[in-house]
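Engineer: Could you have a look at this structure, given as structure tokens, before my questions?
The values are calculated or read from the model by the stated rules, or taken from the named source; none is laboratory data. Just so you know, these numbers come straight off a predicted model, no measurement behind them. Ideal geometry is used to build each Cβ from the backbone, glycine not excepted, and the neighbour counts take in all protein chains shown.
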Amino acid sequence: MSGGAHSDLITMIKPGILVGIIIFLLLSWLLFYQNIYRLWGYYVTTDEDTLAQYLVDHRLPVSDCRKLMHLERGAAPSVSEKRLECVIRYAAIVKDPSICELLMPSEYGMNCVGGAIHEQPCWLAMDRSVRWTGGQASLRECEKKDNKRSAEGNLCCHVARVRSLKHVNDCSPVANRQDMFDQCQYAIAMKNHDPSACTTIVNDNIRSACDVQTNALIKDPTLCSDCLKPLE
């Protein structure tokens with residue numbers, strides 16, 4: 001091989017070696033980064049859902065969500081956001097709204113409660129309509145008597161009126177259905193930012209959600225973007 005050809009070969013090899021060295025150093029640094037944080041007790045992951053499930057399965061406290069760690073890259077969610085999402089997921093898995101107090105007062109905390117609360121009998125929509133098993137009605141329809149509406153529909157209509165109308169704050173018409181009564185009291189508490197309305201709720205999960213959210217609203221009334229202003 002001539003001297004010129006040998007020189008060209010070296011010139012071609014050198015960039016390849018340099019790239020290889022850079023990749024090796026990056027991988028070594030990444031491995032060191034992960035291992036050192038693991039030694040310190042952190043969970044090196046970007047999957048907050050899996051971490052939350054792991055913590056629940058191993059009966060570890062929700063505070064361990066603060067130990068989530070990963071390399072922040074560009075527009076990807078930050079470590080802080082991932083930790084908050086871990087708490088939200090943990091609360092949703094164990095169905096414990098009281099956990100969401102860790103995030104209050106914030107929109108994260110309000111959303112956390114939404115995932116941790118048990119399903120309620122009436123589905124109240126943002127347009128003030130209400131749905132129940134086998135039917136639905138607008139607020140205007142709920143204001144009118146309808147002999148074709150089921151008994152459950154009538155109860156849900158009352159809950160919808162309590163939620164949307166400023167002057168309707170009586171849950172006695174639904175007192176014979178405990179789940180309806182609980183949802184009705186919850187609606188009063190949220191509408192009036194009044195934690196005292198939560199005290200008569202029997203279901204522990206619903207009462208906890210009510211307490212957490214209404215107390216947060218007292219601290220910051222602007223928190224609930226999904227809360228409707230009551231109509232006169």
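Engineer: Under 8 Å by Cβ, and 6 or more places apart or on different chains, what pairs join a residue from region 123-143 that is under 13 Å from Leu165 (Cβ atoms) with one that is assigned to a loop (DSSP other than H, G, I, E, B) and not charged (D, E, K, R)?
Structural biologist: Arg128/Ser138; Arg128/Leu228; Val130/Cys122; Leu139/Ser129
Engineer: Is there a residue being assigned by TED's automatic domain parsing to the domain that holds Met190 and among the polar types (S, T, N, Q) anywhere in region 96-106?
Structural biologist: no
Engineer: Among the residues of region 190-221, which ones are over 18 Å from the mean Cα position of the chain (by Cα) and among the hydroxyl-bearing types (Ser, Thr, Tyr)?
Structural biologist: Ser196, Thr199, Thr200
Engineer: If I filter region 166-205 down to residues being aliphatic (A, V, I, L, M) and surrounded by fewer than 21 Cβ atoms within 10 Å (Cβ to Cβ), which single residue comes out as farthest from Ile99 (Cα to Cα)?
Structural biologist: Ranking the qualifying residues of region 166-205, first place goes to Val168.
Engineer: In addition: Could you run through region 151-185 and say how many residues are under 13 Å from Cys122 (Cβ atoms), of a type in the set (D, E, K, R) and free of Cβ contacts under 8 Å to residues at least 60 places away in the same chain?
Structural biologist: The number of residues fulfilling the criteria is 4.
Engineer: Check region 174-189 and report whether any residue there is within 15 Å of Pro230 (Cβ to Cβ), under 21 Å from the mean Cα position of the chain (by Cα), part of a loop (DSSP other than H, G, I, E, B) and hydrophobic (A, V, I, L, M, F, W, C).
Structural biologist: Checked against the condition, which is being within 15 Å of Pro230 (Cβ to Cβ), under 21 Å from the mean Cα position of the chain (by Cα), part of a loop (DSSP other than H, G, I, E, B) and hydrophobic (A, V, I, L, M, F, W, C), region 174-189 yields no hits at all.
Engineer: Ok, one more. When both residues are 6+ apart or on different chains and their Cβ atoms are under 7 Å apart, which pairs have a first residue that lies in region 202-226 and is outside the structural domain of Gln185 (by TED's automatic domain parsing) and within 17 Å of Ala91 (Cβ to Cβ), and a second that is part of a helix (DSSP H, G or I) and among the polar types (S, T, N, Q)?
Structural biologist: none
Engineer: Select from region 81-124 the residues that are outside any helix (DSSP H, G or I) and under 13 Å from Ile206 (Cα atoms) and list them in ascending order. Explain how you work it out, then say what you get.
Structural biologist: Taking region 81-124 as the starting set, the residues that turn out to be outside any helix (DSSP H, G or I) are 95-96, 104-106, 117-124.
Matches in region 81-124: Lys95, Asp96, Ile117, His118, Glu119, Gln120, Pro121.
Engineer: Asp127 is checked against (1) surrounded by fewer than 19 Cβ atoms within 10 Å (Cβ to Cβ); (2) in a helix (DSSP H, G or I) and fails just one. What number does that condition carry?
Structural biologist: (2)
Engineer: Moving on. For residues in region 114-124 being crowded, with 18+ Cβ neighbours inside 10 Å and out of contact with any strand residue (DSSP E or B) (no Cβ under 9 Å at 6 or more places or on another chain), which is farthest from Ser208 (Cα to Cα)?
Structural biologist: Gln120
Engineer: Inspect region 141-156 for any residue being of a type outside the set (Phe, Trp, Tyr), within 30 Å of Asp220 (Cβ to Cβ) and either surrounded by fewer than 16 Cβ atoms within 10 Å (Cβ to Cβ) or not assigned by TED's automatic domain parsing to the domain that holds Asn203 (or both) and give the result as yes or no.
Structural biologist: No: region 141-156 contains no residue that is of a type outside the set (Phe, Trp, Tyr), within 30 Å of Asp220 (Cβ to Cβ) and either surrounded by fewer than 16 Cβ atoms within 10 Å (Cβ to Cβ) or not assigned by TED's automatic domain parsing to the domain that holds Asn203 (or both).
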